[in-house]
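Worksheet: the structure to be examined is printed underneath.
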Amino acid sequence: MDHSRAPVLEALQEFRERGYVPFTPPGHRQGRGVDPRVLDVLGREVFEADVIALNGLDDRLMRGGVIEHAQELMADAVHAEHAFFSTCGSSLSVKSAMLSVAGPHEKLIVPRHAHKSVVSGLILSGVCPVWISPDWDAERHLAHPPGADRVRELFEAEPEAKGMLLVTPTDYGTCGDIRAIADVCHEFGKPLIVDEAWGAHLPFHDDLPPWGMDAGADVVVTSVHKSGAAVEQSSVFHLQGDLVDPKALKAREDLLGTTSPTSLVYATLDGWRRQMVQHGELLLTAALALAESTRSVIERLPGLHVMEFGGLVHSFDPLKVVIDVSGLDISGYQATDWLREHQRVTLGLSDHRRIVAQFTQATTTARPRSSSRRCER
Ligand SMILES: Cc1ncc(COP(=O)(O)O)c(C=O)c1O
């Protein structure tokens with residue numbers, strides 16, 4: 001396939017060049033109706049790129065196949081048979097995946113450390129969870145993805161379970177053995193869904209943990225906004241094999257999703273895929289080297305310790321730098337608040353003894369320029 005193409009970006013470009021006069025949403029009409037004080041903060045470009053899909057990016061019947069083509073390119077890039085874009089984050093994608101495997105009152109094996117979006121999916125759908133405990137790391141006070149033996153025991157005890165949902169990587173970067181778990185699921189003829197919300201970048205570098213589609217999972221959900229270069233809420237779910245019907249999966253997404261997806265999500269997903277196919281290895285090699293050098297600098301600082309997980313988990317995402325701050329007699333929460341207030345450094349995950357810094361293709365040694373954009377009243 002021609003990965004130099006970016007169908008959504010091309011459609012946006014064409015929409016602009018043809019100078020359409022829309023009488024469709026969004027009502028801001030590509031920024032023309034927006035309060036200048038809003039433009040002052042957000043810039044006009046963000047509104048210019050916010051175009052309706054139906055009779056905007058594509059025609060009334062979507063005959064140009066703009067989104068479809070972009071999804072095919074994504075599937076090809078990450079070795080999936082099908083890829084579906086979602087503008088509602090992995091929160092929606094995991095629900096679509098769960099509902100395509102099990103229905104109300106049917107059972108699904110779900111780990112106890114699943115994200116709240118999985119739990120809300122269970123509540124809304126009436127799917128009955130067969131809980132599987134993650135591996136408890138008593139020394140580090142952390143839950144890692146469960147092993148394949150436990151999955152086998154559960155399928156033997158609950159043969160009517162329709163499939164399994166696995167969460168890997170965790171927010172700490174620890175990964176389960178997707179291949180071994182997929183093999184067990186398939187022995188029982190059941191599909192494996194992998195909530196790989198933290199793993200969108202994994203297909204693009206060999207030094208990263210195995211990617212779900214390569215490791216034999218049936219459905220894999222990612223949040224590209226977490227570790228890739230797409231805007232917040234950008235998610236892709238992927239499918240391969242014949243245990244889950246692509247039409248059913250798409251129909252579940254249709255049932256749950258918005259009828260007004262933003263082109264900002266589609267366009268940035270499309271552009272990120274092109275970037276990763278063309279330059280991903282180079283960009284991620286640089287990010288991996290930076291994470292490694294940062295690790296050794298932090299390890300030398302008194303009171304700080306960079307956690308390693310070798311031997312405890314199947315694999316680990318080295319782009320997550322997990323720092324134990326307990327040697328400073330403070331919690332991770334205090335460290336995070338202090339870093340934001342005093343160093344203008346923001347972190348995602350923190351807990352009672354740790355902070356986690358996530359490195360991506362965008363992480364550099366340079367501090368971003370501070371912007372002096374101010375609203376005029
Ligand atoms: C494991 C996991 N799954 C799903 C989600 C939901 O992803 P999103 O924020 O893209 O909706 C998250 C979010 O943090 C997550 O950590």
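The values are calculated or read from the model by the stated rules, or taken from the named source; none is laboratory data. Since this is a predicted model, take the numbers as computed values, not measurements. Positions of Cβ are backbone-derived with ideal geometry, glycine not excepted, and every protein chain shown enters the neighbour counts. Note: accessible area is taken over every heavy atom of the protein model, side chains too, but ligands, DNA and RNA are not part of it. Shrake-Rupley method; radii C 1.70, N 1.55, O 1.52, S 1.80 Å.
A few points about this structure:
Each row is one residue, and each column tells you yes or no for (1) over 25 Å from residue 209 (Cβ atoms); (2) of a type in the set (Val, Ile, Thr); (3) not assigned by TED's automatic domain parsing to the domain that holds residue 203.
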position: 268; (1), (2), (3): no, yes, no
position: 312; (1), (2), (3): no, no, yes
position: 315; (1), (2), (3): no, no, yes
position: 337; (1), (2), (3): yes, no, yes
position: 340; (1), (2), (3): yes, no, yes
position: 345; (1), (2), (3): yes, yes, yes
position: 370; (1), (2), (3): yes, no, yes
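- Residue selection: residue 316 fails the criterion of being buried (at least 17 other Cβ atoms within 10 Å of the Cβ), of a type in the set (Phe, Trp, Tyr) and modelled with pLDDT under 95.
- Criterion violated by residue 296 - all others in (1) over 21 Å from the mean Cα position of the chain (by Cα); (2) in a loop (DSSP other than H, G, I, E, B); (3) not aromatic (Phe, Trp, Tyr) satisfied: (2)
- The number of residues in the range 86-133 that are more than 18 Å from residue 238 (Cβ to Cβ) and among the hydroxyl-bearing types (Ser, Thr, Tyr) comes to 3.
- The single condition among (1) within 25 Å of residue 148 (Cα to Cα); (2) more than 16 Å from the ligand (Cβ to nearest atom) that residue 172 does not meet is (2).
- Qualifying position, being assigned by TED's automatic domain parsing to the domain that holds residue 257, surrounded by fewer than 18 Cβ atoms within 10 Å (Cβ to Cβ) and in contact with an Asp or Glu (Cβ under 9 Å, 6 or more places away or on another chain), among 106, 81, 72, 45: 106
- Of all residues in the range 179-202 being of a type outside the set (D, E, K, R), out of contact with any helix residue (DSSP H, G or I) (no Cβ under 7 Å at 6 or more places or on another chain) and open to solvent by 10 Å² or more (accessible area, probe 1.4 Å), the one that is nearest to the ligand (Cβ to nearest atom): 186
- Enumerated helices (runs of 4 or more DSSP H) restricted to the range 1-115, each holding at least 1 residues that are within 16 Å of the ligand (Cβ to nearest atom) and among the hydroxyl-bearing types (Ser, Thr, Tyr): 89-101
- Residues that are within 20 Å of residue 79 (Cβ to Cβ) and either β-branched (Val, Ile, Thr) or within 16 Å of the ligand (Cβ to nearest atom) (or both) within the range 230-257 comprise 230, 234, 235, 236, 237, 238, 244, listed in sequence order.
- Tallying residues that are within 16 Å of the ligand (Cβ to nearest atom) and either within 12 Å of residue 133 (Cα to Cα) or loosely packed, with under 12 Cβ neighbours inside 10 Å (or both) within the range 149-164 yields 0.
- Tallying residues that are under 9 Å from the mean Cα position of the chain (by Cα) and open to solvent by 20 Å² or more (accessible area, probe 1.4 Å) within the range 203-241 yields 3.
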